Each structure stands twice: as structure tokens, then as C-alpha cells.
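Report on the structure given below.
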Amino acid sequence: TRSELRQFAELFTPLFQASSEEARRQAVAALSQCIVIPQAVALFIGNQPISVAAPFLTASQAISDDTLIMIARTQGTA
């Protein structure tokens, strides 16, 4: 539901930031398999270092074209 997606988005960022690098990679890889995730979370993941974000950016069907464009405009060549 929308409420659950909003709650997930609110809880994801602080939990992600408190996690180890390996846990971050595993979380991003798992989320890349989800069909629906909040676009705020997709944007947050897309703005992480490419070593973390790559699996999500290349495999996720949940990330919108607009979000991908926004990430591409704000990130460097990587």
C-alpha cells in the first residue's frame, strides 16, 4: 500500500546508513529484484557509490526513467 511504501522509504535511509558496506551491497542487490519500491529509495540508492548502486541501476525494473535521468544528471561519469 502507499502507507507501507512511505513507511519503508522513511525507515530505509537511516538503516542503510547504519549498515556495513557488505550489508549495503546485499540490500541493494535484493531491492533490485523488487517490482515496486518508492522512487525516493531508488533515487537514494542511485546516488550511492557505483560499487553499491550498480546492481540496482542495471537490473531494477522498479526505477523510473525520470529517476534514472535525474541520477545520470547529478552523478559523474561513473
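The values are calculated or read from the model by the stated rules, or taken from the named source; none is laboratory data. Here the structure is a predicted model, which is why all the values come from computation and not from measurement. Ideal geometry is used to build each Cβ from the backbone, glycine not excepted, and the neighbour counts take in all protein chains shown.
Examine segment 61-71 for a residue that is surrounded by 15 or more Cβ atoms within 10 Å (Cβ to Cβ) and in contact with a Gly (Cβ under 6 Å, 6 or more places away or on another chain), and state whether such a residue exists. Lay out the reasoning, then the answer.
Narrowing segment 61-71 to residues surrounded by 15 or more Cβ atoms within 10 Å (Cβ to Cβ): 62-63, 67-68, 70-71.
Filter again for in contact with a Gly (Cβ under 6 Å, 6 or more places away or on another chain), leaving 71.
Yes, segment 61-71 contains a residue that is surrounded by 15 or more Cβ atoms within 10 Å (Cβ to Cβ) and in contact with a Gly (Cβ under 6 Å, 6 or more places away or on another chain).
Table: residues versus (1) at pLDDT 95 or above; (2) touching a helix residue (DSSP H, G or I) at 6+ places or on another chain (Cβ under 7 Å).
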| residue | (1), (2) |
| --- | --- |
| Val28 | yes, yes |
| Ile35 | no, no |
| Asn47 | no, yes |
| Pro55 | no, yes |
| Gln61 | no, no |
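Take the conditions (1) farther than 18 Å from Ile71 by Cβ; (2) over 12 Å from the mean Cα position of the chain (by Cα); Ser51 misses just one of them, which is (1).
Please go through segment 1-58 and give me each residue that is of a type in the set (Gly, Ala, Ser) and not in a helix (DSSP H, G or I), ordered by number.
Ala18, Ser19, Ser20, Ser32
Taken over segment 5-36, the criterion of being more than 12 Å from the chain's Cα centre (by Cα), exposed (fewer than 12 other Cβ atoms within 10 Å of the Cβ) and touching a residue at least 24 places away in the same chain (Cβ under 8 Å) is satisfied by Glu21, Ile35.
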